[in-house]
Amino acid sequence: MLELETISHWFEPTAAADPAQRVLHDVSLTLQQGQSLALMGNSGSGKSTLLQIAAGLEHPNQGQVRLAGQPLYQLSDNQLSALRRDKIGFVFQQFNLLPGLTVGDNILFQSRLSQQPIDNQWLKHLMTELAIDDLQHRLPEQLSGGQQQRVAIARAIAHKPCIVFADEPTGNLNDSLSHSVMALLSHLIKQANSSLLMVTHSAAMAGYADTVLELHQGQLTEASPA
Amino acid sequence: MTKPSATMPAVMTVSHALAGHYRRHPLQALFLFTGIVIATVLLVATQLINAQAQASYAKGTQLFEQNPIGYLVAAQGQRQFSMASYVALRRQGFDQLLPVLHHNFQSQHHGIIAVMGIDWLSLPATPQASANGNSQVKPIAPADLTLEDFLLPPYRLMMAPARMTQLALSADQTIALTNTTSSLPPVIPAPDNSGVGHQALMDLQALQAISNRQGMLSAIWVLPMSEQRLAQLQQQLPPDLRFRPAAEPLSQAALAESLHLNLAAMGLLSFVVGLFLAFNAIQFSYTDRQPLLRRLRLSGTSQRQLYQALSIELLLFVLVGSAVGYWLGAWLATLLLPGLGQTLAQLYGVYISYPNKVIADLPLMPLLMTSLAALLAAIVPMRQIVQQPLLNRYRQQIAQHQARNRDRQLLLVALACLLVAVALSLWANSLWHGLACLALVLLGGALALPAALRASLSIVQRLVPANRPLLQWLIADSRWLLGPAAISLMAMTLALVANSGLNTMIGSFRAATLDWLEQRLAAPIYLSVADGQRQLGDWLSQHAPQVAIAERHTLRHGQLAHIEIASLPPMAAFRNSIELIEQVADAPQQFAQGQGIYISERHQRLDGGELDQQVWLCDGLPNVPVLGVYHDYGNPRSQWLLDEKLLRQCWPQHIAQSTALLAAEGAEVDWPQVMTALSDSGLIRPEQIIDQQQIKKMAMAVFDQTFTVTEALNGLTLLVAGIGIFCATSAIHHHRVQQQAQLAAMGVSQSQRLLMILSQWSLLALLSMIIVWPFGTLLAWVLASLVTPLAFGWSFSTELVWQHYPVLAVLALACVVVATLWPSWRLHRVSIASLLKEVDE
């Protein structure tokens, strides 16, 4: 499903005399359909950068990324956008809902964008599971943080993407809310038969994934789930 | 209470922390600065050109620092007289006299050129001064020119450098004239002390020759002399001349007051547009610093210290912005002055000087106005930011709620403005009322915009089908965008409404003037014949009996100097050419019998002339009633129209300025043949013959040039609004990042995003038309039916041209697309990863 081959990435120095700041060094990983993977690491370890590279959001300095067999960084912007529309779902720490649209329109946004037929039964199931079925006509600004993140999860998997990328999906929530949101996310992703690549600094949240890897000094190492 | 010594460093620390924002976002500082500069520039420019004109009126007519104390003009009010009278006076020892001749030439490439011919030798400062080293007289021309250069062919035409720039003329260039093979002499720039303005200067005899007015003068300037000598001069005046004291400055100022008031209003409009921009920039800079201010408050900074630090910052911006705005305004004034001079010359026959650099003594007034206005503009956003809740929760809800509230409040203010405007339009009786009504309509339109846009976006949103997610988002996000973009859109609306109103008014006025000219120019041919009418009549009765001849008299009323008297030839064609706005019963019959007069609309509106009012014409004639009121477009003076016989009773010696030729009743005339025969007879030179079409063309050329300055200011205001949109789009950049990141992550391509950003602004610009169109039309009506009649005494109906409306929409779209293209391009080019990073910040 997702293959990262010898990814290296560094940030250009801000001053001429400074050395380039290397964040990823020959990182390779593979994620199968329906599998979930949590990436852990200290702040600044490059885990968010790795997620963004894997999702086709940032071009790596070296290496190749394949998603559903397609080399991401050989695609044009239009092709890459189409791939994101059809096969990818995102959940961010900042909830990132579109403020002018209602909850219902937010959830259906990506499905409508990719012009896929809407699976109403799946949608109803999603909304019931996430306990947001009575919030459909509200605007994001009228929701609490936990409600917003549950809507963001519904939006990310409403179109049953091949893979969901989640960057600190519970970073803005308290502990008990984090566990319930995370349990729902992993449960629904399994039901949708999607893969999950998640970045988190919390070992407890990482525990919801099938595999946990740690990024340390630009390289991946195995880590046991907590 | 904290001691000052302890407080000041704390305030400075807070200021330093606040200024850090501008180090990270220098563009925002630039936008705030730009808003203040723009608010100042046009205000200063219009104030300075008005001040320059007023100074010019106060100095009176002046040439090389020589002020005439009076003028010798034709006793019967003619526009010219024979030079023989001047020669006679000189022979009697009156040497403080300067003979002058005025003439307007139609040039091939530079429009109408107003020229004044003077006798260089009679001027105390002469061109030869630099050559002969006489320190008593001041040199007036470059040292490489001698007196001979001015007095002998090819002569020299001395012109103000600003006027040369306006006409795109370079030194030593000659000006080709129409209808003649002659051209005006090579142009030389006038020195700064010359006082030369719209009229260029050349040698009197050379001008007489080129204008075919040999031996004729328009006036004789009486230069300073003792009272005794002046009394002697007045005693020995020949019968064809009379002395008119130089009391013109005051009357000039009064005459052009309306125009200056209109200009000041345009300046204020630009000032308001600029203030909208400054307010916008202030709001953006405060909104962006919300988290910083919250952190400062949490660290123990008091509200008072925040107010102090923000006020110091604002004051610095105002001081530097006003200084730069003042400097740019002075530069702009120098550029615009010839435009105003042209309008004054063509509209009022008033000439002002064009100094090479316009600088007012004190820049205090614009500085005070800018400071006060900036302070007023900053009060609300400053209060909101300083008193914001310390908790970050519900920030978005608060912002949206505040925006909705603001729009509702603005709508209420707009309605109040419109109500007062309606009341003013019903009871307006002075130009001030008219201008206040104008301002209220403009302001009402702009203030109603956000609510109107919000309502129309809601309607549009309901019409968008659910399966068009991008369109759905575009409309929903446009409502969000309305919060931060409303002010700049209001500024654009102000400029567009002004533009629309002014263009419709000018178009309507133009159409009315054209119709009026068609009607008034009853004869097909006009001859500029100063004398010799009798010979001409004799020749025509012998050689072309089918041609009728009519004299045209125009003179100033001796006692009522502000009244111009004109004659109407006693022929049906001329009588039918006068369409009366109001009349008494049997007015035409009474007029034809010389039992009354017609008055111009200006006299009725501005001087209180009324139907049936008895007026005094001259001694020995009983008062006559006013029989009717007629349009007299373009005439800055009030006019009385008399039947020719009645005019002759009062002014029997008056010589007609021009003659009209027309077909006698029932006859048909081959005009080209008659004109050729007339030219061949030697009585008339070809250049003295002007046909009706030529007069219309010249009149419309004058009309079009009259609005040069107003249109230039109008264009500049629109440019200012465009800059405002650009600043707003650039400043909103940070706030758009989150939306862009989300859209990109969900698979909206770069090109789609760019198109959507441009579409959003275009949609808002197009929806703004729901305000711009009706308010532009309303403004045109106020200008045509209220302001122009009150300012100039001319009324005309507002003519709506449907093509004007789509053009306005295209103008708004172009303004918005040009202004948003670069910021939108910049935003869509940013990589999604960096967009996400900005979100995290």
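What follows is calculated from the coordinates using simple rules that are stated; it is not laboratory data. Computed from a predicted model, the values in this text were never measured in an experiment. Please note: Cβ atoms are built from the backbone with ideal geometry, for glycine as well, and neighbour counts cover all protein chains shown.
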For the range B:792-797, in residue order, the Karplus 3J(HN,Hα) values (coefficients 6.51, -1.76, 1.60; θ = phi - 60°; whole Hz; Gly and Pro = x) are 10, x, 10, 10, 7, 7
Which of A:P99, B:F64, B:T788, positive extreme of dipole for the protein assembly as shown (C-beta unit charges)
A:P99
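What is the extension gain from B:R648 to B:I770, computed as 0.36 nm multiplied by their sequence separation minus the C-alpha to C-alpha distance, in nm to one decimal? Numbers along the way, then the final one.
Numbers: separation 122, 0.36 × 122 = 43.92 nm, distance 5.84 nm.
Contour length minus the Cα-Cα distance gives 38.1 nm.
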Taking the Cα-to-Cβ direction at B:H109 and at A:S202 and moving 7 Å from each Cα, how far apart do the two end points lie in nm?
8.0
Residue among A:Q142, B:V584, A:Q35 farthest towards the positive dipole end of the protein assembly as shown, charges placed on Cβ:
A:Q35
Using the Karplus equation 6.51 cos²θ - 1.76 cosθ + 1.60 (θ = phi - 60°), what ³J(HN,Hα) coupling, rounded to whole Hz, does each residue of the range B:724-731 give in order, writing x for Gly and Pro?
x, 5, 4, 4, 5, 4, 5, 6
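What is the dipole size for the protein assembly as shown, taken about its Cα centre, with +1 at each Lys and Arg Cβ and -1 at each Asp and Glu Cβ, in debye to the nearest 20? Before the final figure, lay out each step's value.
On the way: 62 positive and 67 negative charges, 555 e Å.
That gives a dipole near 2660 debye.
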For the pair B:T165 and B:L27, what calculated FRET efficiency results from E = 1/(1 + (r/R0)^6), where r is the Cβ-Cβ distance and R0 = 35 Å, to the nearest 0.05?
0.55
Can you give the three extents of the C-alpha atoms in the range B:427-494 along their principal axes, from longest to shortest, in whole Å?
58, 21, 12
Beyond 18 Å, what share of the Cα-Cα pairs of the range B:538-585 is found? Please give it as a whole percent.
56
Placed amide H near A:E58: partners under 5 Å, 5+ positions off or other chain
A:I53
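In terms of the Cα gyration tensor, with a ≥ b ≥ c the square roots of its eigenvalues, is the protein assembly as shown rounded because a/c is under 1.5, prolate because a/b exceeds b/c, or oblate? Show your work: numbers first, answer last.
Values: a/c = 2.91, a/b = 2.45, b/c = 1.19.
Prolate shape, in that a/c is at least 1.5 and a/b is the bigger ratio.
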In nm, what is the difference between 0.36 nm times the number of residues separating B:V324 and B:Q803 and their Cα-Cα distance?
168.5 nm
Would you mind checking the tilt of helix B:804-829 against the longest principal axis of the Cα atoms of chain B, expressed as 0 to 90 degrees and rounded to 10?
40
In degrees from 0 to 90, rounded to the nearest 10, what is the angle of the helix A:175-192 Cα long axis to the longest principal axis of chain A?
90
The relative contact order of chain A, taking Cα pairs under 8 Å that sit 6 or more residues apart, comes to a percentage of 29
Rounded to 10°, Cα long-axis angle of helix B:395-427 versus longest principal axis of chain B
20
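With runs of 4+ DSSP H residues as the only contributors, calculate the mean residue ellipticity of chain B at 222 nm using -39,500 (n - 2.57) per run, divided by the residue total and rounded to the nearest 500. Display every interim value, and only then the final one.
Values: 29 runs with 500 residues, N = 841.
For chain B, the value works out to -20000 deg cm²/dmol.
What does the C-alpha gyration tensor say about the overall shape of the range B:525-696? Classify as rounded when a/c is under 1.5, otherwise prolate if a/b is larger than b/c, or oblate. Could the numbers behind the result be given before it?
Numbers: a/c = 2.03, a/b = 1.91, b/c = 1.06.
The shape class here is prolate.
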With the crude spin-label approximation of a point 7 Å out along Cα→Cβ, what separation in nm comes out for B:D691 versus B:S311?
7.3
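Pop the C-beta distance of B:Q409 and A:F11 into the FRET formula with R0 = 51 Å and round what comes out to the nearest 0.05.
Values: r = 48 Å, r/R0 = 0.94.
Between B:Q409 and A:F11 the formula returns 0.60.
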With charges only on Cβ, +1 for K and R and -1 for D and E, what is the dipole size of chain A about its Cα centre, in debye, rounded to 20?
500
Sequence-distant residues sharing a close amide H with A:V212 (under 5 Å, placed H)
A:A38, A:A223
Spacing of the two label points (7 Å from each Cα toward its C-beta) at B:N67 and B:R383, in nm:
5.1
Cα centroid distance between the range A:1-80 and the range B:216-230, in Å?
94
Relative contact order as a percentage, the range A:1-97, C-alpha pairs under 8 Å and 6+ apart, gives 31
4 °C / 1.567 mPa s Stokes-Einstein diffusion coefficient of chain B, Kirkwood radius on C-alpha pairs, µm²/s:
42
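Need one word for the range A:1-155: rounded, prolate or oblate. Basis is the Cα gyration tensor (sqrt eigenvalues a ≥ b ≥ c); a/c below 1.5 gives rounded, then a/b vs b/c decides. Could you put the intermediate results ahead of the total?
Working: a/c = 2.27, a/b = 1.74, b/c = 1.30.
Here the range A:1-155 falls in the prolate category.
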Set the Förster radius R0 to 60 Å, insert the Cβ-Cβ distance between A:S180 and B:L419 as r into 1/(1 + (r/R0)^6), and round the FRET efficiency to 0.05.
0.60
Spit out the partnerless Cys residues in chain B, using Cβ distances under 4.7 Å as the pairing rule.
B:C417, B:C437, B:C727, B:C815
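Loop-only trypsin sites (Lys or Arg not before Pro) in the range B:392-501, please: DSSP not H, G, I, E or B, and at most 15 other Cβ atoms within 10 Å. Intermediate results must be reported in sequence, preceding the final value.
On the way: sites: B:R393, B:R395, B:R404, B:R406, B:R408, B:R454, B:R462, B:R479; in loops: B:R393.
For trypsin sites (Lys or Arg not before Pro) across the range B:392-501 that sit outside H, G, I, E and B with at most 15 neighbouring Cβ atoms in 10 Å, the list reads B:R393.
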When only C-alpha pairs under 8 Å and at least 6 residues apart count, what is the relative contact order of chain B, in percent?
17
Report the extension gain between A:A82 and A:Q191 in nm, rounded to one decimal, defined as 0.36 nm multiplied by the number of residues separating them, less their alpha carbon distance.
36.9 nm
Let me know the charge dipole size of the range B:638-734 about its Cα centre in debye, to the nearest 20, where only the beta-carbon of Lys, Arg (+1) and Asp, Glu (-1) is charged.
380
